[in-house]
Amino acid sequence: MLQSTLVAALFAAFVVCVPLSERADSSRFKFYNLKTPLSGPCDLVEGPDGALWGESLLVNHIFRIDPSTGNVQEFPIPFTNPATGALTGLTPAQDRTELSCAIRKGDDGNLYASNGLRNQLVKINPTTHEIKVFTPQPYNPVGDLQPFNDLYSAKDGIYFTQTSGNVISFFDFKDQKFKNYNIPTPASFPLGVYVASDGRVVVTELLGNKMIFLNGSSGAITEHPLPELAQMPAVVRAETGGDIYFSLFTGNGVGKISLATGAIQLFHTDRPGLLGAEDTIDSDNNIWLSFFNENVLGKFDTKTQKFSFVDFPDSVTTAPIGIPPYVDVAVNYGPGNAIWFTDISHNRVGRYAL
C-alpha cells in the first residue's frame, strides 16, 4: 500500500513538472504516405490549385496531395549541372543529391522551390506540372552548402536566400534575371525570408542572431539584433497586427519584430531543449510551430501570449526526444482549416484538423 501510494505521488509530481500537451483526438489526424521510399518530405505549401504541394529532402521530387481524394503525385526535378547546363545523368530513382527543402507559392500563379547543395531555383506550373530549373547568375558554387534555405514571393518576383553565400537573391518573373543583395554581417547565415505587407523583405540571420529589413528597390538593408544571445532565428512566415513572427532554432520559442519600429520581442516555452523549425499562422492569428526533436505541434496564442502543444499520435514519448521520431520540419496552415506537417522518419505528410 505504501509503495503504491509513493508511486502515485511521484507520478503526480512528474505530471506537475512536465509541461502539459493536448492529447488530441486521433480522428483529427490524417496521414498521406509518399510513394517513393525514403523521400523525406520536408517543406509544404498550399498551391494556387487548392492542393498541398511539397518538396522532398532525400530524393529530388516535388509532390502534390489532393486533400479531397488523398491522391499523391510525385514529380522528379530535372536539376542541371550549373557549370554546363547538362542534366545530372542520374535517373530520378538515383538522384538524391540536392537536399532540397523550400517551396512557396509565386504571385505569378506558379510554385517555386529552392534547394541546398545545387543552389538553383525551381519553377513548377501547377496546371501542366512542367518543371523548369534556373541557375542564379552570377553563379556562386558556395551559395548554399547545407539543406536549408527559403524563398518568398513579391508581386514581381521571388526572393530567396543563398545561406552559406551570405546573400539574398531576387528572381524577376518577367525577365527571368537575378539580382543579389549582400548582407553586411559576415557569415550571418541568412535562412528564412518573407515579404511583408508593406513590401519590405524580412530575413532571419541564423548565425548573425539578427533580423533584416530589405528594401528591394533601393537595396537598403537594416539589421536588428535579437535582445538575447544565441537564439538562431530560423523561418519567418507569419504576420499579424503589424508584427512579423519567426521561429527560433535554439531559442526555445518564437520571436516577433515590429514593422513600425523594428523592436523585437522573444517568447519562450517552458519545454527546455526544443529545436524550432518553421512557423505558420491560422485564421485566428495563432502561430503554429514545428520542431525537429519533439513529436509535438506548438501553438502560440498571439492574444494571450501563451503556448500550448498537441502531441503526435502513436508516440511512445514526445519529449525531450520524440520516440519514434517524426523529425517534423514543415508546418503549414491550409489547405482547409487544418495544420499540415511532415514526418520525415515515416515518409509521410500529416494533417491536423482544427
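Quick notes on this structure:
- Residues that are in contact (Cβ under 8 Å) with a residue 60 or more places away in the chain and either touching a Phe, Trp or Tyr at 6+ places or on another chain (Cβ under 9 Å) or under 23 Å from T185 (Cβ atoms) (or both) do occur in region 247-266, at least one of them.
- Only residues that are among the charged types (D, E, K, R), surrounded by fewer than 19 Cβ atoms within 10 Å (Cβ to Cβ) and in a loop (DSSP other than H, G, I, E, B) were counted in region 280-306, giving 3.
- Residue check, F309 assigned to a strand (DSSP E or B), of a type outside the set (S, T, N, Q) and either under 24 Å from H224 (Cβ atoms) or at pLDDT below 95 (or both): no
- Selection count where residues are farther than 13 Å from G253 by Cα and either among the aromatic types (F, W, Y) or more than 19 Å from the chain's Cα centre (by Cα) (or both), scope region 270-291: 1
- P126, sole failed condition from (1) touching an Asp or Glu at 6+ places or on another chain (Cβ under 6 Å); (2) more than 19 Å from P190 (Cβ to Cβ); (3) at pLDDT below 95: (3)
- Inside region 124-148, residues that are under 16 Å from I62 (Cβ atoms) and polar (S, T, N, Q) make up a count of 3.
- Candidates are the residues of region 94-104 that are surrounded by fewer than 20 Cβ atoms within 10 Å (Cβ to Cβ) and closer than 23 Å to V329 by Cβ; the one that is modelled with the highest pLDDT is R96.
- Every listed requirement among (1) in contact (Cβ under 8 Å) with a residue 40 or more places away in the chain; (2) of a type in the set (S, T, N, Q); (3) within 20 Å of D150 (Cβ to Cβ) is met by N215 save one, (1).
The values are calculated or read from the model by the stated rules, or taken from the named source; none is laboratory data. Predicted model only: the values in this text are computed from it and were never measured. Cβ: placed from backbone, ideal geometry, glycine included. Neighbour counts: every protein chain shown.
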